[in-house]
1. Under 6 Å by Cβ, and 6 or more places apart or on different chains, what pairs join a residue from segment 75-88 that is within 16 Å of residue 4 (Cα to Cα) with one that is small (Gly, Ala, Ser)?
2. Which one of these is β-branched (Val, Ile, Thr), free of Cβ contacts under 8 Å to residues at least 24 places away in the same chain and part of a helix (DSSP H, G or I): 26, 42, 38?
3. Which one of these does residue 7 not meet: (1) touching a strand residue (DSSP E or B) at 6+ places or on another chain (Cβ under 9 Å); (2) over 21 Å from residue 115 (Cα atoms); (3) among the hydroxyl-bearing types (Ser, Thr, Tyr)?
4. Look through 45, 54 and report the one residue that is surrounded by 14 or more Cβ atoms within 10 Å (Cβ to Cβ), in contact with a Lys or Arg (Cβ under 8 Å, 6 or more places away or on another chain) and at pLDDT 95 or above.
5. Among the residues of segment 1-11, write down those that are in a helix (DSSP H, G or I) and open to solvent by less than 80 Å² (accessible area, probe 1.4 Å).
Amino acid sequence: MSLDVPTAVLERAARGELDDAAFLEVVRNSLPYAWEVVSAAVADGQARPEAPFGEHEVPPPSEAERGQLLRALASNAIRGALESHFGVTLAFQNCHRVAAFAPAAVDSDVYREFVSIRGQVLNQSPELRDC
């Protein structure tokens, strides 16, 4: 299960009354490690405005945390909510490398290189083979 959704939130969703804030709260509570990683990538970008993007590259401490990150970034709804909330476009490599790009940078050479097959292959290492 990707998210731990409280009954009240399920009931609001069934009535068509679910808003972004309630969904984000479910994401934050259900996937705290993923929330922390995205927050860190965004903060890195804010701390280094000269950098083309903010990033987080620390491998998760366990498979449980890795699973949270994968669920958050593989779900269109969750990833989209995170991007909207933080005002970024997320990019992802190696089961743990998360980059937060300013939306205006999505058409940049740096972004295209990050999400390219070349970028993925160059970011491989034996230690990350089973990530």
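The values are calculated or read from the model by the stated rules, or taken from the named source; none is laboratory data. Just so it is clear, the model here is predicted, and its values are computed rather than measured. No Cβ is skipped: glycine too gets one built from the backbone with ideal geometry, and neighbour counts run over all protein chains shown. Just the protein is used for accessible areas: all its heavy atoms, side chains included, with ligands, DNA and RNA removed. Shrake-Rupley method; radii C 1.70, N 1.55, O 1.52, S 1.80 Å.
1. Pairs found: 78/72.
2. On the way: 42 fails: free of Cβ contacts under 8 Å to residues at least 24 places away in the same chain; 38 fails: free of Cβ contacts under 8 Å to residues at least 24 places away in the same chain.
Criteria check complete, one pass: 26.
3. Here residue 7 meets the rest and fails (1).
4. Details: 45 fails: in contact with a Lys or Arg (Cβ under 8 Å, 6 or more places away or on another chain).
None of the other options fit; the residue is 54.
5. 8, 9 - these are the residues of segment 1-11 that are in a helix (DSSP H, G or I) and open to solvent by less than 80 Å² (accessible area, probe 1.4 Å).
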